[in-house]
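Some notes on the structure that comes next.
Quick note: the coordinates plus some simple rules give every number you see, no bench work behind them. Owing to the predicted nature of the structure, the values given are computational and were not obtained by experimental measurement. FYI the Cβ positions are ideal-geometry reconstructions off the backbone, even for glycines, and counts take in every protein chain you see.
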Amino acid sequence: MEERQLLRDKNNEPTGETIAEGLGSAGAAYDKFIEEAKHHDIQVDWRYYNDGGWLGKALYKWTTARGTQKEMTAFWLSVWSGFFKVSLYFPASSRADALNLPLSNELRKRIENSTQMEKMKTISLTFEPRSDELFDEIFILVDFKRTLKR
């Protein structure tokens, strides 16, 4: 099956039905992932971007001690034919701390080998979960990222 990004039409806002249709058998994993995100106080807001189509911007919102409302992008979601992608961005300066997290050796190697994005001084990690097997590690990284922004 050709890997192609779906939800590219600006006039067709994503719905649960269109997402499920595009994901096929990965739909159940997507639903479980969204539920897990809610347990981490993250809500996905679908937005259209000219250069990327419809992307799910996963927002973590909190109130500071002084009552100021804050938010950060925890990760980005995109829907592809038969699967979805989760992309996380971290400050490159946090790489060493990320390597101390309880992650698999494979993911540690990915973090070690990830290339810094020049202008943004960040590293990126993209996952393609087709089941719930990667969820634990993804949310370990999401929770870690939340601590960086506070």
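Dividing the Cα radius of gyration of the range 16-148 by 2.2 N^0.38 Å, with N the residue count, gives 1.07.
Using 1/(1 + (r/R0)^6) with R0 = 35 angstrom and r between the beta carbons of Asn12 and Arg130, what's the FRET efficiency to the nearest 0.05? Rounded to the nearest 0.05, the efficiency is 0.90.
For Glu2 and Lys38, the FRET efficiency from 1/(1 + (r/R0)^6), where r spans their Cβ atoms and R0 equals 25 Å, is about 0.20. Here the Karplus relation 6.51 cos²θ - 1.76 cosθ + 1.60, evaluated at θ = phi - 60°, turns the backbone of the range 45-55 into coupling constants of 10, 7, 9, 9, 10, 4, 8, x, x, 7, 10 Hz, with x for every Gly and Pro. What is the distance in Å between the Cα centroid of the range 92-150 and that of the range 47-63? Cα centroid to Cα centroid, the span is 19 Å. In this simple spin-label model, placing a label point 7 Å from the Cα along the Cα-to-Cβ direction at both Lys70 and Asp45 gives a separation of 1.7 nm. Quick check: residue separation of Ser93 and Asn113 times 0.36 nm, minus the Cα distance between them. What number comes out in nm? Length gained between Ser93 and Asn113: 5.8 nm. Name the residues of the range 34-55 whose amide N is less than 18 Å from a point 7 angstrom out from the Cα of Trp62 along the C-beta direction? Taking a point 7 Å out along Cα→Cβ of Trp62, the residues of the range 34-55 whose backbone N falls under 18 Å are 37-44. Relative contact order for the chain: 23 percent, from Cα pairs under 8 Å spaced at least 6 residues apart, divided by residue count.
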